[in-house]
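Enquirer: Sharing a structure, written as structure tokens. Questions coming.
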Amino acid sequence: MDLNEEDAGGDATRLQRRLWRHWGTPASIYGTIVYASVVAAASGERDDQASAVRLLIFSLVSIVVFWLAHVYSTALGFHGDSTRLGDRVSASIRHALRESGGMLEAAIVPSVPLLLAALGVLPADLGVALALWLAVVMLAVLGYSVFLMRGRPFVVCLVGALITGAFGVVVILLKSALQH
């Protein structure tokens, strides 16, 4: 089953494909890892509301910069493809925007606890911890889902979840190593 084909499979398969195209793209997985890495690296020893606001702003601006770089490099690569020499630049940009959207979307869920910390609803250190662990959960779900949609056995899906989630765990371990 090709998850990118529009007319293959039934309604459930089409829904899975739509969700996968939206959240499960390589850009989404990469964006989740990048966003978690920025949060981990930028979070400091200060755990007050002002530092939570700065962290949220810094993390969001950083993911937008990474997204712009991703869009640019994807458009450049697409436009430079020898099979697309007659295409307009606008076609390359549209393609890049479609391919890269998941990178921005990946920041939504882990930003919620950071926003709550910035608003003073959560302590800053809890907001950071929740953001990082939500990124791990997101990665694990994405890893599990791709194998599930391919009809793989539960054990294979579980291994996919563990491997993909491990990227987020490594980010958390690096954060701990940097701060201690």
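Enquirer: Does the range 43-56 contain at least one residue that is closer than 27 Å to Val141 by Cβ, of a type outside the set (Asp, Glu) and either modelled with pLDDT under 85 or surrounded by fewer than 17 Cβ atoms within 10 Å (Cβ to Cβ) (or both)?
Expert: The answer is no, given that none of the residues of the range 43-56 is closer than 27 Å to Val141 by Cβ, of a type outside the set (Asp, Glu) and either modelled with pLDDT under 85 or surrounded by fewer than 17 Cβ atoms within 10 Å (Cβ to Cβ) (or both).
Enquirer: Output the qualifying pairs, or none if there are none: Cβ atoms under 6 angstrom, residues six or more apart or on different chains, first residue in the range 115-126 and under 11 Å from Leu55 (Cβ atoms) and open to solvent by less than 60 Å² (accessible area, probe 1.4 Å), second residue in a helix (DSSP H, G or I) and polar (S, T, N, Q).
Expert: These pairs meet every condition: Ala124/Ser51.
Enquirer: Additional query: Among the residues of the range 3-11, is any open to solvent by less than 70 Å² (accessible area, probe 1.4 Å), out of contact with any Lys or Arg (no Cβ under 7 Å at 6 or more places or on another chain), in a helix (DSSP H, G or I) and at pLDDT below 95?
Expert: The answer is no; no qualifying residue exists.
Enquirer: Turning to a different aspect of this structure: Whether any residue in the range 138-146 is open to solvent by 70 Å² or more (accessible area, probe 1.4 Å) and modelled with pLDDT of 95 or more is what I want to check.
Expert: Looking for residues that are open to solvent by 70 Å² or more (accessible area, probe 1.4 Å) and modelled with pLDDT of 95 or more, one finds none in the range 138-146, hence no.
Enquirer: Continuing with the same structure: For the range 91-107, which residues satisfy the criterion of being in contact (Cβ under 8 Å) with a residue 40 or more places away in the chain and open to solvent by 80 Å² or more (accessible area, probe 1.4 Å)?
Expert: Correct list: Glu99 only.
The values are calculated or read from the model by the stated rules, or taken from the named source; none is laboratory data. These figures come from a predicted structure and were not determined experimentally. For neighbour counting, all protein chains shown are included, and Cβ atoms are generated from backbone atoms with ideal geometry for every residue, glycine included. These area figures cover heavy atoms from the full protein model, side chains too; ligands, DNA and RNA do not enter into them. Shrake-Rupley method; radii C 1.70, N 1.55, O 1.52, S 1.80 Å.
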